[in-house]
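Student: Okay, here's the structure, questions in a sec.
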């Protein structure tokens, strides 16, 4: 378990942070609109904005794309003029940590546990492949995995996700949740997946996303 926690602690840090200069903000409603728009980008793990400063700070899961940021803010009336990498967000601009599946509208995705025990067999979706996705808000790779699986679900409507979000501010707190002992005794880190076929038979257990999707594709043929 100590090796697992060390591995998870390394994965917990975001890929980096960036300050975004935003023009057009000037009233109390703007910051929330800007934060929500930025938080919907695939390379953003969380965002916070300040009306008074005309700034937003984002926690990144990958390289910041200024053109994508501009495309997200333009339709709601704001313009991003500059993106600057920073070591950490300034005080008062710490991004909120959203559920990795917070933007799964239109997909067969349900949050089924915050760490309390569940029977995985009770989560299976009849007639579909079911991916049980174990993640946490501090886990940067979990956001990347959710984004990739979301794209996969849009192309494969015979697949569903049942998400387990381990409560806790860090790896040690999250891995103290009861469901870990129940289903993750051999997990090497997060994210961790257990997948079942339409008949209820397990087809994959592990943390390799490519292997997970390949196993489902193989069973589909």
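The values are calculated or read from the model by the stated rules, or taken from the named source; none is laboratory data. Remember, it's a predicted structure, so these values are computed and weren't measured experimentally. Cβ coordinates were reconstructed from backbone atoms using ideal geometry, including for glycine residues, and neighbour counts include every protein chain displayed.
Student: So, in the stretch 144-178, exactly how many residues are assigned to a helix (DSSP H, G or I) and closer than 15 Å to residue 105 by Cα?
Tutor: Count: 10.
Student: Checking the condition on the phi > 0 side of the Ramachandran plot and buried (at least 19 other Cβ atoms within 10 Å of the Cβ), which residue from 115, 106, 135 passes?
Tutor: 115
Student: Looking at the stretch 97-132, which of its residues are free of Cβ contacts under 8 Å to residues at least 60 places away in the same chain and part of a loop (DSSP other than H, G, I, E, B)?
Tutor: Once the filter is applied, which keeps residues that are free of Cβ contacts under 8 Å to residues at least 60 places away in the same chain and part of a loop (DSSP other than H, G, I, E, B), the stretch 97-132 yields 97, 98, 104, 105, 106, 107, 108, 119, 125.
Student: Check 33, 52 and return the single one that is in a loop (DSSP other than H, G, I, E, B), modelled with pLDDT under 90 and either surrounded by 13 or more Cβ atoms within 10 Å (Cβ to Cβ) or not assigned by TED's automatic domain parsing to the domain that holds residue 138 (or both).
Tutor: Result of the check over 33, 52: 52.
Student: Is at least one residue of the stretch 88-98 on the phi < 0 side of the Ramachandran plot and at pLDDT 85 or above?
Tutor: No, that holds for no residue.
Student: Would you check which residues across the stretch 1-29 are modelled with pLDDT of 55 or more, farther than 23 Å from residue 146 by Cβ and touching a helix residue (DSSP H, G or I) at 6+ places or on another chain (Cβ under 9 Å) and list them?
Tutor: Selection gives 22, 24, 25.
Student: Please go through the stretch 179-219 and pick out each residue that is buried (at least 20 other Cβ atoms within 10 Å of the Cβ), in a strand (DSSP E or B) and free of Cβ contacts under 8 Å to residues at least 40 places away in the same chain.
Tutor: If the condition is that a residue be buried (at least 20 other Cβ atoms within 10 Å of the Cβ), in a strand (DSSP E or B) and free of Cβ contacts under 8 Å to residues at least 40 places away in the same chain, then 204 is the only one that fits.
Student: Answer with yes or no whether residue 72 is part of a helix (DSSP H, G or I) and without any contact (Cβ under 8 Å) to a residue 40 or more places away in the chain.
Tutor: yes
Student: Report whether or not residue 169 is touching a residue at least 60 places away in the same chain (Cβ under 8 Å), under 21 Å from residue 185 (Cα atoms) and under 15 Å from the mean Cα position of the chain (by Cα).
Tutor: No, not satisfied.
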